[in-house]
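Working notes for the structure below.
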Amino acid sequence: MEIKLVSTLGNQNLLRLLTRKDGKPSYTYILITDNPDKIRVGYFKDGLEKSTIISHIDAPGGPRMTVGKTIKNTELPVIERIEYNKQSKKYIITFCK
């Protein structure tokens, strides 16, 4: 399943549902974009220093995806976490159940 995201700049941004081997519902999506070099990333602050835990990502043209919030113009639940997968060079977004 894929969910097309609204981009104000006309970029092609979508979330693709990842499937589980056991057949149970997945709450995890991968961000696919036609311009991955333009994704902006924000991190939580750990005291005075920036941590390695992602707080939000902003796909080219939007929308911004923030931990603890929903994504504008979608019916997806609140985002639980955002991670970067070094192997696939893609962002993985997990939603609350």
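The values are calculated or read from the model by the stated rules, or taken from the named source; none is laboratory data. What you are looking at is a predicted structure, and each value in this text was computed from that prediction instead of being measured. We place every Cβ from the backbone using ideal geometry, glycine too, and count neighbours over all the protein chains shown.
What tally of residues in the range 1-31 results from selecting those that are over 21 Å from Val67 (Cβ atoms) and part of a loop (DSSP other than H, G, I, E, B)? Step through it out loud before you land on a result.
Within the range 1-31, the subset over 21 Å from Val67 (Cβ atoms) is 1-2, 4, 8-12, 19-24.
Right, trim to part of a loop (DSSP other than H, G, I, E, B) and you get 1, 8-12, 19-24.
Looking only at that region, the number is 12.
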Answer yes or no: is there a residue in the range 11-20 that is free of Cβ contacts under 8 Å to residues at least 40 places away in the same chain, over 13 Å from the mean Cα position of the chain (by Cα) and surrounded by 12 or more Cβ atoms within 10 Å (Cβ to Cβ). yes
Looking at (1) surrounded by fewer than 13 Cβ atoms within 10 Å (Cβ to Cβ); (2) charged (D, E, K, R); (3) at pLDDT 90 or above, can you tell me which one Lys24 breaks? (3)
Within the range 32-65, which residues are at pLDDT 90 or above, surrounded by fewer than 16 Cβ atoms within 10 Å (Cβ to Cβ) and assigned to a loop (DSSP other than H, G, I, E, B)? Asp34, Asn35
May I ask you to verify whether Ile54 is over 20 Å from Ile3 (Cα atoms) and aliphatic (A, V, I, L, M)? yes
Collect the residues in the range 1-56 that are closer than 23 Å to Glu75 by Cβ and of a type in the set (S, T, N, Q), keeping them in residue-number order. Ser7, Thr8, Asn11, Gln12, Asn13, Thr19, Ser26, Thr28, Thr33, Ser55
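How many residues are part of a loop (DSSP other than H, G, I, E, B), in contact with a strand residue (DSSP E or B) (Cβ under 6 Å, 6 or more places away or on another chain) and within 20 Å of Gln12 (Cα to Cα) when one looks only at the range 75-93?
The initial filter retains those residues of the range 75-93 that are part of a loop (DSSP other than H, G, I, E, B), namely 75-78, 86-89.
Add one more test, that the residue is in contact with a strand residue (DSSP E or B) (Cβ under 6 Å, 6 or more places away or on another chain), and what stays is 76-77.
Those still in the list that are within 20 Å of Gln12 (Cα to Cα) too: 76.
Residues flagged as part of a loop (DSSP other than H, G, I, E, B), in contact with a strand residue (DSSP E or B) (Cβ under 6 Å, 6 or more places away or on another chain) and within 20 Å of Gln12 (Cα to Cα) within the range 75-93 amount to 1.
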